[in-house]
1. For a quick check, take a GNM of the chain with Cα springs below 10 Å and name the residue from GLY190, GLY170, GLY231 with the largest mean-square fluctuation.
2. Calculated FRET efficiency, THR122 and LEU167, Cβ-Cβ r, R0 30 Å, to nearest 0.05?
3. I'd like the per residue volume of the convex hull spanned by the Cα atoms of the stretch 37-92, given in cubic angstrom.
4. Which whole-percent values make up P(r) of the stretch 178-251 when all C-alpha to C-alpha distances are grouped in 5 Å steps starting at zero?
5. Summarise the long-distance tail of P(r) for the stretch 104-251 by giving the % of C-alpha pairs beyond 24 Å.
6. Comparing VAL120, VAL32, VAL143, which has the greatest mean-square fluctuation in the GNM of the chain with Cα pairs linked when under 10 Å apart?
7. With every protein chain left in place and a probe of 1.4 Å, what is the accessible surface of HIS110, to the nearest 10 Å²?
8. Considering only protein heavy atoms and a 1.4 Å probe, what is the carbon-and-sulfur percentage of the accessible area of the chain?
Amino acid sequence: MAVTLYRTPTTAADADEIADWLRDRIDESVAVRDRFLDEHRTDELPERFAEARVLSPFERETGNAMLGVVRYEERALDHPERAGGVLYDGAALQRALNPAIPDGERALDHLHVALLDRAVGTWGDHDGRWHKRVNVLGQPALVSIPGLYEAPAKPEAYYEAKRKTALLSGDAPPREVLENEVEGEFLVEGDPRTTEALKGYVLQTVHCWRTGEGFCDESGCRLSNPHRQPGVVAAQLRDPEFCERHAELYG
Ligand SMILES: [Zn+2]
């Protein structure tokens, strides 16, 4: 049994620190490699990424494999700093990345966890729209850095302040202004607490792989999956780390 964690160019997310934290909690060996999209690049990936693009928040159908879009995806794979602003169907990305894992490493006894600089989502059958996600469980498991900042909703006052400043100045307000003005706790892009918060989300993918269980229902547990940012802060950055049941496994 082995876990391989893949780095991301985002400096706020330290895969090696996350791996150290994991090693203290599970018996399986934990290895760290460079970016998944560099380690396991196949010729099909740009087209698969193009096909996985979400076109509208309310449209199930994805994908635009026009040549220009495929070229864009090619460049984005080569230069991750240029990728951004696109939401991808997480399950489709997973299906695209699974065959890119070398044959001998794709078995169930070896979990691959890719930290990704892409926003990923899943389609909600119940409400007919796409939902951004922090992680997508499975093989490979995906953990989205933009998802950590964008998927769980920020306090309503944050969006309010953003709208107001944009109206007055035509620009998004500086982060510090929002942080000072808006009550409640939330993570913003490049947040220094990113690595700490991601530990729990990586463990969720490992926990699912080891036990077949999904997210924990207890708010405040690192294995829970809150819909709002203050819940994320409480679960990932405040004590206790785990609910009673999961403390027995990982505490
Ligand atoms: Zn729990």
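1. Highest fluctuation among the options: GLY170.
2. Once the sixth-power term is evaluated, E becomes 0.40.
3. Working: hull volume 4.7 nm³, N = 56.
It comes to 83 Å³ per residue, whole-number rounded.
4. Calculated over all Cα pairs of the stretch 178-251, the distribution is 3, 17, 26, 25, 15, 8, 4, 2, 0 percent.
5. Details: 4126 of 10878 pairs.
More than 24 Å apart: 38 percent of the Cα pairs in the stretch 104-251.
6. Sorting by GNM fluctuation, first place goes to VAL32.
7. Surface accessible to solvent at HIS110 totals approximately 30 Å².
8. Working: 5890 of 12550 Å².
C and S fraction of accessible area: 47 percent.
The values are calculated or read from the model by the stated rules, or taken from the named source; none is laboratory data. None of the values given here were measured: they were computed from a predicted structure. Virtual Cβ from ideal backbone geometry, glycine too; neighbours counted across all protein chains shown. All accessible areas refer to the heavy atoms of the entire protein, side chains included, with ligands and DNA or RNA removed. Shrake-Rupley method; radii C 1.70, N 1.55, O 1.52, S 1.80 Å.
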